[in-house]
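The values are calculated or read from the model by the stated rules, or taken from the named source; none is laboratory data. These numbers come from a predicted model, not from an experiment. Cβ coordinates were reconstructed from backbone atoms using ideal geometry, including for glycine residues, and neighbour counts include every protein chain displayed. These accessible areas exclude ligands, DNA and RNA; they are computed on the full protein's heavy atoms, side chains included. Shrake-Rupley method; radii C 1.70, N 1.55, O 1.52, S 1.80 Å.
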Amino acid sequence: MHYGAPILALAALVAGLALAAAARIALRHRHPRPMGPHPATTALAPDPAARIPAALSGGLAAHPGLNGIHMLIDPMDALAARIEMAEAADTSIDAQYYLWKSDTAGLLLLNALRAAARRGVRVRLLLDDNGTAGQDDMLALLDAEENIEVRLFNPFPMRRARVLGYLSDFARLNRRMHNKAMIFDGTVTILGGRNIGDDYYSTLSGNFFMDMDIAAAGPVVADVAAQFDTYWNAAPAIPARAILRPVAPSRAQALSEAEATLLSRPEARAYHAALRETSFAGRLLRGEIPLKWCKATLISDPPEKVHGRAHARDMLWRYLRRSLGRPETELLLISPYLVPTRSGAMALRRFARGGVRVRILTNSFASTDVGIVHAGYAHWRRPLLRAGVELYEYTPDATAGRAHPDLLGKRIKGTSPFSRNKLHAKVFVVDRRRVFIGSFNFDPRSLRLNTELGVVIDSEAVAGEIVEGFLREVPRNAWRLSLTRTLRLRWTRPGMPPLTREPQTSWPQRAFVVIASWLPIEWML
C-alpha cells in the first residue's frame, strides 16, 4: 500500500512523457508549423457613401474628437446590434473573439457574416483557437467563401486530442487571446465582455451570462481597427487554410443540413421574435438611438503577450491603472472571476480605509462556472470585509440586465430558466466619472497570461448609468456579505433569512473550495 501513490505518480509521469512525445511527433508529421510571414492586410478606410458612415457623419461632425457611446446591457440588444450591423455593412467587417460557439446565436451571426461576404463585404474573422474544438470543418468552409478569411490565434498542434498539445507546449497554449470586438465599415465598433454563443444572449441553453458591451462611433473606432490589424498580422495569427484540411463535399452537405435543422427549431424562432423587437441598426442609422458623446481611450495588450515576451509597461493593466486614476470617493468593481492576490487585496483595503467607498460584485460559488477560481477569491473575503469593502455575490436566479425576460425566459425544455445564471461583465467605475468596459477580469490570468482589450470612458453620464443600474439591480440579484461578531461570514438578501455558509452549495463543494485554496495555483487562475 505504501508504494501505491509513487507507482501511480510514476505511471502518470511516464504516460505524460509518452503523450508529449506523441504530440511532438504529431506536430512534426501531421501539422507542420506554418511558417510566416503570412499575407498582411489592414483595415479599409470608411467609405463616406456607405450606409453606416453616411448615417453617422452628421453626429461625428458635430462632436469632433468625441465618441458616441451606447450601452448594450440587454442581451437581445447586444445580439441584434451585431447581426443588424453586419446586415447593414457595405465594405468591411472585422471580428475578433475568444469564443464563438456553433449554436443558435453563433450560427445566426455567422450567417450574417456569410451573407455580407456574398454581397461583396470583406470579412476578416480572428478566433482564439482555444474555443474552436470540433469546429474545424465549419471554419474551413467559412474560410473557403469568397471575401472571407479566417485566422486562428495561437493554434493547437493537434486538432482533435488537444490535451496532447498542452502536454507538449503548456507554457504557450495556457496563454490565450481573450479580446472581443467587432468593427463595421470602419465606423462603428461593438466591444465588451460578451463572446458569441447562446449563453451570452438568452436563457434558451439553460445558462445565462449577465454581461455588458458598448457600441461606439468616433476616433476610438480607428484605434480598435489598428489593434485588430496588429493581432491579425501577428505571428500567432495563422491563416485557417494553413492549418485546416479541406472539407469533403459529403461532409459539407451534412454540415449545411445540420445548420438548417438547428436554425429551424423553436429556439431559433424565439430568437427571431426577440430580435424583431429591437431593430438596433435601423434605429441607430435613423438617429433614433441617443448617443452619449465623450472621450474614450482604447487599451489593450500586445499580441506578444501570448509568448511571454511583452514588457509589463506595455500590458493593459498598466494603462488601466493610469487611465482610471486613484479613486478619491468611490470605486465600483464588477468582475466574474475575482482573484485579487495579495497586492490587489492590499490596494482595495487601502482605498477602503482611506475613505473610498469600495463596492465589488462577483460570482457566488453557486453561480460561477469555474469553481476553482472561487477558491482564489474566497480566502480574501474576511480581510476585505474587515477593511470596509462591500462585497456582493451574484445569485444563480438573478434576472439583472434583461429587458425582455418574457422572451429570454421562455424555455423550450423543462427546467427553470433561472437555474444557472452567472455574472460575466467586466466593469470598473471610478468616482462616477471614469469607466472601464472590456474583457479584463480582476485576476492573475488577465493580468499576466491572456491578452485583453477594453475602453476607458470619461463620462459622468455613462458612469452614472452603470452605478444607478448597480444600485437598482444588485440588492435583489446578489447576496451581500458581512461578518458576524465571531467573524463568520454571513450572506444576506432582501426577504430571505441570513446564511452563514456558502448559499446553495453542498458540503463536498465547500470542502473543495477549502482544499483548492491551499494549492499553489493562484498565478494561473
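Could you give every pair whose Cβ atoms fall below 6 Å, whose first residue belongs to segment 347-372 and is in contact (Cβ under 8 Å) with a residue 12 or more places away in the chain, and whose second residue is open to solvent by 40 Å² or more (accessible area, probe 1.4 Å), counting only separations of at least 6 or pairs across chains?
What qualifies is Ala352/Gly388; Ala366/Gln504.
Tell me which residues, restricted to segment 312-338, are assigned to a loop (DSSP other than H, G, I, E, B) and surrounded by fewer than 19 Cβ atoms within 10 Å (Cβ to Cβ). It would help to see each step written out before you state the result.
Step one: list which residues in segment 312-338 are assigned to a loop (DSSP other than H, G, I, E, B), which gives 315, 325-329, 335-338.
Within segment 312-338, Gly325, Arg326, Glu328, Thr329 qualify.
Among Arg501, Arg472, Arg480, Arg490, which is surrounded by 14 or more Cβ atoms within 10 Å (Cβ to Cβ), among the basic types (Lys, Arg) and either touching a Gly at 6+ places or on another chain (Cβ under 7 Å) or over 16 Å from Asp397 (Cβ atoms) (or both)?
On the way: Arg501 fails: surrounded by 14 or more Cβ atoms within 10 Å (Cβ to Cβ); Arg472 fails: surrounded by 14 or more Cβ atoms within 10 Å (Cβ to Cβ); Arg480 fails: either touching a Gly at 6+ places or on another chain (Cβ under 7 Å) or over 16 Å from Asp397 (Cβ atoms) (or both).
Only one candidate qualifies: Arg490.
Tell me which of these Ser168 doesn't satisfy, since it passes every other one: (1) under 20 Å from Val247 (Cβ atoms); (2) open to solvent by 10 Å² or more (accessible area, probe 1.4 Å); (3) in contact (Cβ under 8 Å) with a residue 24 or more places away in the chain; (4) not aromatic (Phe, Trp, Tyr).
(1)
Conditions tested, residue by residue: (1) touching a Pro at 6+ places or on another chain (Cβ under 7 Å); (2) open to solvent by less than 10 Å² (accessible area, probe 1.4 Å); (3) under 23 Å from Met138 (Cα atoms).
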| site | (1), (2), (3) |
| --- | --- |
| Ala181 | no, yes, yes |
| Leu191 | no, yes, no |
| Asp199 | no, no, yes |
| Ala222 | no, no, no |
| Trp232 | no, yes, yes |
| Ile243 | yes, no, yes |
| Pro249 | no, no, yes |
| Glu257 | no, no, yes |
| Ala274 | no, yes, no |
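So Arg160 clears everything in (1) in contact (Cβ under 8 Å) with a residue 12 or more places away in the chain; (2) not in a helix (DSSP H, G or I) except one condition, right? Which one?
(1)
So which of Ala18, Ala22, Ala26 is at pLDDT below 90, over 21 Å from Ala181 (Cα atoms), open to solvent by 50 Å² or more (accessible area, probe 1.4 Å) and in a helix (DSSP H, G or I)? If you could, list the steps in order and put the result at the bottom.
Details: Ala22 fails: open to solvent by 50 Å² or more (accessible area, probe 1.4 Å); Ala26 fails: open to solvent by 50 Å² or more (accessible area, probe 1.4 Å).
None of the others qualify; the one that does is Ala18.
Considering (1) under 23 Å from the mean Cα position of the chain (by Cα); (2) modelled with pLDDT of 95 or more; (3) not acidic (Asp, Glu), say which one Phe208 fails and leave the rest.
(2)
I'd like the full set of residues that are outside any loop (DSSP other than H, G, I, E, B), open to solvent by 20 Å² or more (accessible area, probe 1.4 Å) and closer than 19 Å to Glu502 by Cα, limited to segment 339-378.
Answer for segment 339-378, where residues must be outside any loop (DSSP other than H, G, I, E, B), open to solvent by 20 Å² or more (accessible area, probe 1.4 Å) and closer than 19 Å to Glu502 by Cα: Gly371, Ile372.
Which ones in segment 436-461 are among the hydroxyl-bearing types (Ser, Thr, Tyr), closer than 21 Å to Asn363 by Cα and more than 10 Å from the chain's Cα centre (by Cα)?
The initial filter retains those residues of segment 436-461 that are among the hydroxyl-bearing types (Ser, Thr, Tyr), namely 439, 446, 451, 459.
Narrowing further to those that are closer than 21 Å to Asn363 by Cα: 439, 446.
Matches in segment 436-461: Ser446 only.
Mind telling me which of the residues Asn441, Asn421 ends up being modelled with pLDDT of 90 or more and polar (S, T, N, Q)?
Numbers: Asn421 fails: modelled with pLDDT of 90 or more.
Result: Asn441 is the single residue among Asn441, Asn421 that is modelled with pLDDT of 90 or more and polar (S, T, N, Q).
Within segment 272-309, track down each residue that is assigned to a loop (DSSP other than H, G, I, E, B) and not β-branched (Val, Ile, Thr). Give the steps one after another, and end with the answer.
Residues of segment 272-309 assigned to a loop (DSSP other than H, G, I, E, B): 277-279, 286-291, 301-302, 308-309.
Hits for segment 272-309 are Glu277, Ser279, Arg286, Gly287, Glu288, Pro290, Leu291, Asp301, Pro302, Gly308, Arg309.
Among the residues in segment 74-86, are any basic (Lys, Arg) and either more than 24 Å from the chain's Cα centre (by Cα) or part of a helix (DSSP H, G or I) (or both)? Working first, answer last.
So in segment 74-86, the residues basic (Lys, Arg) come out as 82.
Remaining after also requiring either more than 24 Å from the chain's Cα centre (by Cα) or part of a helix (DSSP H, G or I) (or both): 82.
Yes, the conditions are met somewhere in segment 74-86.
Within 21 Å of the chain's Cα centre (by Cα) and not charged (D, E, K, R): which single residue out of Asn233, Asn179 fits that description? Break it down into steps so the answer makes sense when it comes.
On the way: Asn233 fails: within 21 Å of the chain's Cα centre (by Cα).
Every option except Asn179 fails the conditions.
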